[in-house]
Amino acid sequence: MRFGFVMGEIGHGLRRNVSMVISVILVTFISLTFVGTASLLQLQIGQMKNYWYDRAQVAVYLCTEVSPGDVCPQGEASEDLRATVEEKLKSPVLKPYIKEYFFENHQQAFDKFQEQFAGNSVAKYVSPNQLNETFWVSLKDPSKSLIITESFSGVAGVEEVRDQRTYLDQIFSILNAASIAAVGIASLMLVSAALLISTTIRLSAFSRRREIGIMRLVGASNFYIQLPFILEGVVAATIGSALAAGAVLSVVQFFVQGYL
């Protein structure tokens, strides 16, 4: 097989079908960029999930003077009720699951509220006693948070028990949906790229049907005839793949490593 002849035919075909070649390059570039970006997004979501889930806490909110009467019939949690909750946290039943906990009083909760809502007109109408005193509980295994939640639900002096993982689940479900959608779009575009490459090869062969007929007459094999057309598609797809790899690397370099 004459290598020079094959390469010459490839170059001739690429020049003759410039518009189709550019289309293949663009579709391959966009589809593979979507695939790479979706893979990076899924990887980043997994890392974020592990990071934040390990730091998720369970908040045990004590009753305040403004708590609903059906939940806190005794009114604001007294010192005795607060001590009872803390003793329960220290009990042999729950202690093996608890890494650490700390108590946040009215004033600390108020200071945090004022910091978070600084500049908001609502902040000036809130007093310390309206905000819950809270036990913030960090677990050795955050997946066992249901044990803490069930242990304090309905306990006298406790208004509500919240697992921060429920908020994280909502956020990560949205991010996962976005990632799956990106993968779906990328898959469709990859199929489109494959079909476009096939169409490009067929059109290139059709445009040179006279030359192909002559080659058949002189005894050229099918492989020898088809190889230049196949390689034209491969070259265009390779260029698109290289551009996609460069785009994904740029995302990693300037966005993931630069900002996250």
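Annotations
- Tally, over the stretch 58-77, of residues that are assigned to a loop (DSSP other than H, G, I, E, B) and either on the phi > 0 side of the Ramachandran plot or of a type outside the set (S, T, N, Q) (or both): 12
- Residue within the stretch 117-127 that is in a helix (DSSP H, G or I) and closer than 30 Å to residue 50 by Cα present: no
- Test: residue in the stretch 42-62 that is touching a residue at least 24 places away in the same chain (Cβ under 8 Å) and in contact with a His (Cβ under 9 Å, 6 or more places away or on another chain): no
- Flag if residue 173 is part of a helix (DSSP H, G or I), more than 30 Å from residue 234 (Cα to Cα) and of a type in the set (Ser, Thr, Tyr): yes
- Take the conditions (1) in contact with a helix residue (DSSP H, G or I) (Cβ under 9 Å, 6 or more places away or on another chain); (2) of a type outside the set (Phe, Trp, Tyr); (3) without any contact (Cβ under 8 Å) to a residue 24 or more places away in the chain; residue 170 misses just one of them, which is (1).
- For the stretch 136-178, the tally of residues that are on the phi > 0 side of the Ramachandran plot and touching a Leu at 6+ places or on another chain (Cβ under 9 Å) stands at 1.
- Among residues of the stretch 80-108 that are within 30 Å of residue 123 (Cα to Cα), those with a Cβ under 6 angstrom from a residue that is in a helix (DSSP H, G or I), sequence gap 6+ or separate chain, pair up as 101/89; 106/128; 106/129; 107/128.
- Considering only residues in the stretch 115-143 that are under 32 Å from the mean Cα position of the chain (by Cα) and surrounded by 14 or more Cβ atoms within 10 Å (Cβ to Cβ), the one that is modelled with the lowest pLDDT turns out to be 142.
- With respect to the conditions (1) modelled with pLDDT of 90 or more; (2) of a type in the set (A, V, I, L, M, F, W, C); (3) part of a helix (DSSP H, G or I), residue 212 falls short on a single one, namely (1).
- Flag for residue 161 being aliphatic (A, V, I, L, M) and in a helix (DSSP H, G or I): no
The values are calculated or read from the model by the stated rules, or taken from the named source; none is laboratory data. Predicted, not measured: the structure shown is a model, and the values here were computed from it. Counting neighbours? That spans all protein chains shown, and the Cβs are built from the backbone with ideal geometry, glycine included.
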